[in-house]
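Trainee: Supplied in structure tokens, the structure appears directly below.
The values are calculated or read from the model by the stated rules, or taken from the named source; none is laboratory data. Keep in mind that what you see is a predicted model, and the values were worked out from it rather than measured. A quick note on method: Cβ atoms are made from the backbone with ideal geometry, for glycine too, and the neighbour counts reach across all protein chains shown.
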Amino acid sequence: AARAAIRDVGRVLDMSYTFCDGISKLIPNKPGQHITIDGALKVEPILAERLEKEDEVKTLLGLAQKLEGLTRNVGMHAGGVLIAPGKLTDFTPLYQQPGSESAVSQYDKDDVEAAGLVKFDFLGLATLTILEIAKDFIRSRHKGQENFAFENIRLDDAATYKLFADGKTEAVFQFESRGMQGMLRDARPTRLEDLIALNALYRPGPMDLIPSFVARKHGREPVEYPHPLVAGMLSETYGIMVYQEQVMQTAQILGGYTLGGADLLRRAMGKKKAEEMAQHREIFRAGAAKNGIAQDKADEIFDLMEKFAGYGFNKSHAAAYSLLAYHTGWLKVHYTAEFFCANMTVEMDDTDKLKVLFEDAIKNFGLTFEPPDVNRGNHRFEPVSNKVIRYGLGAVKGTGQSAIEAIVRAREEGGPFKSLYEFCCRVDRTRINKRTVEALIKAGAFDAIQLNRASLVASIDRAFDFASACEANANQGGLFDMGDSHAASTQEPALVEAMPWGVKERLTYEKTAVGFYLSGHLFDEVALEVRRFAKREIGELIDSREPQLLAGIISDFRVINGQRGKLALFKLDDKSGTLEATADEGVINTYRHLLKDDELVIVMAKLQPDRFSGGFRLSVQQVWDLATARCRFGKFLRVAVNGKAPDIQRLVREFPAKREMSEQGELVRGLTVRLAVRREAAVAELQLGEDARFFPTDAALASWIAQADAGLAQIVYE
């Protein structure tokens, strides 16, 4: 409620989406706890500090606090049906939403139960929507597939089972977690029955049986059955009771239970009521005796049944889910572009999920993405070919379906947009605002019209003013027919001149608009140099107790109050992969100037198990920026000289080495210089003295390169 109130107030006050989103994310999100704005101010020091120092934050939070907790809007359960013993209006007042044919109770979920009505919830799965969107793409794009249906695909497709066996199941229903992927690589399923069993086993309790299940499947462990009479029934799960139905069938086959009696036994075992269990044990013994099973053996089997019944999963449920999982896996293998388009369309509002899908599509399946484009794109993600996806305009933050529909409608009616000014004139400005246009520019959606995004952003006000003037002049022209003077008055002005954004600025703005770097990565510019000393890639890390030297870009940085003081949480991304990282209060205080979003850092960190993801997280111990890392890990700067020597005194004066006091005395941070002098008859290296040490920032290196022969100046690391 607190976050929603902040975003709503910010939208009404026309504050930037990024600003409001940043403030709202400072409200702690703790499952099961309702945290108010007042409560957040007490536990989140950054929020309290910004409230004290920033007038915009005071206004935003002041109004949000007044709205917080009030009924925001009326909603309807997506799949909830009420059942009454008579007329519904005898039990609850009803209303009908405009444009809807459904009657909705005016009571909430708790009150309808108190009124004596039965709630029946139909489970809604996003996966069903994803499959439906993908099916539409397949039918419209592929000749001969006009009647395609998932119900008709084969369930023994080897390529699909290989996808599962390789653990490439990101966004595959029920099998997408890292722990699931590891289990699949061990189990290497080859049939639908394997998927059903693994789905049922991967949960607390039966998870301990997975190693035995896998070993039995692959012949590393003998398959044993509680009794030969149940061997046929337990063969599909290699002698292990996985499902509730298997417990019930064992009671029927060995204990002589009826189907109804077996269900009562299952319930009794689940409740663990001693009196009921004692009664059922006697019934089972008697039935087992008729099958020639001794009492000791019967008790052993009953104990086994009781153990499995405590966490056995319903097979029909596991089978239904696993069939959907197979369908999504099959789709990912055979219609990869359609699979990713459907998933990214459904996950459009979750930028973290979009980033995972984006990287999976590129790295693991060789897909490429066309950037957002106002002249070609639509609201959803769309396949251009089997290997190319057009990025959905609806995934740009601050747009919305209504705005995108207005853009598409204007484009369909008048053709492609030729300029920012024409765009603002033709698109319904009651559906778009300046913030929408700015987000689209920063996302690259106007690149096909004008590559200088900085100039476009600087021209937004001028473009909206021009559009308003055109509209006013058009109205006057209709009344008074001003002829040529009207055309002259609506001549497009020039764009505001502005220096194009550098790579970092462009990508950072792109990230604010899309949620991640879309057209490149901040790590790209430094990757070759950094890999000369920080050789390990995040995406290839394996378990190790040794501290790891890693490099990457910081994102999602935040500080929380931990049990032992302040704790920094952030992600470190080197394009090969991303890891969650933590830094304690001592590290925060020492490296505060480096720990911020979109900053390149080199860290020394220990790997720690991450129980949530099943992988690792980093515990950061030391942090360097690139210039300091060059001093720490570089040996010297080699500068090629073939004629006039560089102006060493000026370069050292402009970029002097840093001198710091430490426990060991004065510490000098800087690189020494070697001149590689080339003459016709000889080549020599001259080591300059300590006075020539300099601090190797990017600007310093650029100056040395400018004075070197043929620009040959490079740090030697080994």
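Trainee: Six or more apart or on different chains, Cβ atoms under 6 Å: show the pairs whose first residue is in region 410-431 and free of Cβ contacts under 8 Å to residues at least 60 places away in the same chain and over 19 Å from Arg453 (Cα atoms) and whose second is polar (S, T, N, Q) and in a helix (DSSP H, G or I).
Mentor: Arg431/Ser402
Trainee: Hey, another quick one. Any idea which of Val333, Val247, Val242 is more than 37 Å from the chain's Cα centre (by Cα) and β-branched (Val, Ile, Thr)? Before you say what the answer is, go through the steps one by one.
Mentor: Working: Val333 fails: more than 37 Å from the chain's Cα centre (by Cα); Val242 fails: more than 37 Å from the chain's Cα centre (by Cα).
Exactly one residue qualifies, and that residue is Val247.
Trainee: Which one of Gly144, Gly179 is free of Cβ contacts under 8 Å to residues at least 12 places away in the same chain and out of contact with any helix residue (DSSP H, G or I) (no Cβ under 8 Å at 6 or more places or on another chain)?
Mentor: Answer to the selection: Gly144.
Trainee: Could you grab me the full set of residues in region 513-546 that are part of a helix (DSSP H, G or I) and not charged (D, E, K, R)?
Mentor: Ala513, Val514, Ala527, Leu528, Val530, Ile538, Gly539
Trainee: Select from region 250-263 the residues that are over 44 Å from the mean Cα position of the chain (by Cα) and of a type outside the set (Val, Ile, Thr) and list them in ascending order.
Mentor: Result: Ala251, Gln252, Leu254, Gly255, Gly256, Tyr257, Leu259, Gly260, Gly261, Ala262.
Trainee: Still on this structure, please answer the following. Which one of Leu63, Leu51, Leu82 is over 28 Å from the mean Cα position of the chain (by Cα), among the hydrophobic types (A, V, I, L, M, F, W, C) and within 30 Å of Ala115 (Cα to Cα)?
Mentor: Leu82
Trainee: Condition check: on the phi < 0 side of the Ramachandran plot, assigned by TED's automatic domain parsing to the domain that holds Gly577, modelled with pLDDT of 90 or more and surrounded by 18 or more Cβ atoms within 10 Å (Cβ to Cβ). Does Leu671 satisfy that?
Mentor: no
Trainee: Find all pairs meeting these conditions: Cβ atoms under 6 angstrom apart; at least six residues apart or on different chains; first residue within region 684-702 and in the same structural domain as Val673 (by TED's automatic domain parsing) and hydrophobic (A, V, I, L, M, F, W, C); second residue in a helix (DSSP H, G or I) and surrounded by 12 or more Cβ atoms within 10 Å (Cβ to Cβ).
Mentor: Matching pairs, first to second residue: Ala692/Ile648; Ala692/Val652; Phe694/Val652; Phe694/Ala700.
Trainee: Restricting attention to region 54-66, does a residue exist that is among the aliphatic types (A, V, I, L, M) and part of a strand (DSSP E or B)?
Mentor: Checked against the condition, which is being among the aliphatic types (A, V, I, L, M) and part of a strand (DSSP E or B), region 54-66 yields no hits at all.
Trainee: In the set Leu607, Leu637, which member is surrounded by 19 or more Cβ atoms within 10 Å (Cβ to Cβ), touching a strand residue (DSSP E or B) at 6+ places or on another chain (Cβ under 8 Å), among the hydrophobic types (A, V, I, L, M, F, W, C) and outside the structural domain of Arg536 (by TED's automatic domain parsing)?
Mentor: It is Leu637.
Trainee: Assess whether Thr351 counts as being surrounded by fewer than 18 Cβ atoms within 10 Å (Cβ to Cβ) and under 16 Å from the mean Cα position of the chain (by Cα). Full working, then the answer.
Mentor: On the way: surrounded by fewer than 18 Cβ atoms within 10 Å (Cβ to Cβ): yes; under 16 Å from the mean Cα position of the chain (by Cα): yes.
Yes, satisfied.
Trainee: Taking Lys168 as meeting all but one of (1) farther than 25 Å from Asn314 by Cα; (2) in a helix (DSSP H, G or I); (3) in contact (Cβ under 8 Å) with a residue 40 or more places away in the chain, write down the number of the exception.
Mentor: (2)
Trainee: Filter region 345-362 down to the residues that are not aliphatic (A, V, I, L, M) and not in a helix (DSSP H, G or I), then identify the one that is modelled with the highest pLDDT.
Mentor: Glu347
Trainee: Still on this model: I'd like to verify a number: residues in region 112-164 that are in a loop (DSSP other than H, G, I, E, B) and either under 30 Å from Ile83 (Cβ atoms) or not small (Gly, Ala, Ser) (or both), how many?
Mentor: 18
Trainee: Which helices (runs of 4 or more DSSP H) sit wholly inside region 225-344 and have at least 1 residues that are in contact with a Pro (Cβ under 7 Å, 6 or more places away or on another chain) and surrounded by fewer than 21 Cβ atoms within 10 Å (Cβ to Cβ)?
Mentor: Of the helices (runs of 4 or more DSSP H) lying wholly inside region 225-344, those with at least 1 residues that are in contact with a Pro (Cβ under 7 Å, 6 or more places away or on another chain) and surrounded by fewer than 21 Cβ atoms within 10 Å (Cβ to Cβ) span 295-309.
Trainee: Another question about this same structure. Might you check whether a residue that is touching an Asp or Glu at 6+ places or on another chain (Cβ under 7 Å) and of a type in the set (Lys, Arg) occurs anywhere in region 135-148? Steps first, please.
Mentor: Residues of region 135-148 touching an Asp or Glu at 6+ places or on another chain (Cβ under 7 Å): 137-139.
Checking the rest, the ones that are also of a type in the set (Lys, Arg) come to 139.
The answer is yes, given that some residue of region 135-148 is touching an Asp or Glu at 6+ places or on another chain (Cβ under 7 Å) and of a type in the set (Lys, Arg).
Trainee: Still on this structure, I have one more. Please work out which residue is nearest to the chain's Cα centre (by Cα), limiting yourself to region 562-571 and to residues that are exposed (fewer than 14 other Cβ atoms within 10 Å of the Cβ) and not in a loop (DSSP other than H, G, I, E, B). Explain how you work it out, then say what you get.
Mentor: The first filter runs over region 562-571 and keeps only residues exposed (fewer than 14 other Cβ atoms within 10 Å of the Cβ), leaving 562-565.
Filter once more, keeping what is not in a loop (DSSP other than H, G, I, E, B): 562, 565.
Working: Gly562: 25, Gly565: 29 Å.
Of everything passing the filter in region 562-571, Gly562 is nearest to the chain's Cα centre (by Cα).
Trainee: Kindly provide the set of residues from region 375-399 that are charged (D, E, K, R) and either under 13 Å from Ala361 (Cβ atoms) or not in a loop (DSSP other than H, G, I, E, B) (or both), ordered by number.
Mentor: Glu382, Lys387, Arg390 - these are the residues of region 375-399 that are charged (D, E, K, R) and either under 13 Å from Ala361 (Cβ atoms) or not in a loop (DSSP other than H, G, I, E, B) (or both).
Trainee: On the basis of being more than 30 Å from Met180 (Cα to Cα), modelled with pLDDT under 90 and surrounded by 13 or more Cβ atoms within 10 Å (Cβ to Cβ), does Arg679 make the cut?
Mentor: No; evaluated as a whole, the condition is false for this residue.
Trainee: Scan region 118-134 residue by residue and report those that are farther than 15 Å from Thr336 by Cα and touching an Asp or Glu at 6+ places or on another chain (Cβ under 9 Å).
Mentor: Lys119, Ala126
Trainee: Sticking with this one: Looking at region 22-50, which of its residues are free of Cβ contacts under 8 Å to residues at least 40 places away in the same chain, assigned to a helix (DSSP H, G or I) and not small (Gly, Ala, Ser)?
Mentor: Of everything in region 22-50, those that are free of Cβ contacts under 8 Å to residues at least 40 places away in the same chain, assigned to a helix (DSSP H, G or I) and not small (Gly, Ala, Ser) turn out to be Ile23, Ile37, Asp38, Leu41, Lys42, Leu47, Glu49, Arg50.
Trainee: Considering each residue of region 94-146, count those that are loosely packed, with under 11 Cβ neighbours inside 10 Å and in contact with a Lys or Arg (Cβ under 7 Å, 6 or more places away or on another chain), and give that number.
Mentor: So the answer is 1.
Trainee: Here are some conditions: (1) surrounded by fewer than 21 Cβ atoms within 10 Å (Cβ to Cβ); (2) in contact (Cβ under 8 Å) with a residue 40 or more places away in the chain. Val396 meets all but one. Which one does it not meet?
Mentor: Answer for Val396: the failing condition is (1).
Trainee: Let me ask you something else. With the checklist (1) surrounded by fewer than 17 Cβ atoms within 10 Å (Cβ to Cβ); (2) under 30 Å from Lys119 (Cα atoms); (3) touching a Lys or Arg at 6+ places or on another chain (Cβ under 9 Å) in hand, flag the one item Ala5 doesn't pass.
Mentor: The number of the failed condition is (1).
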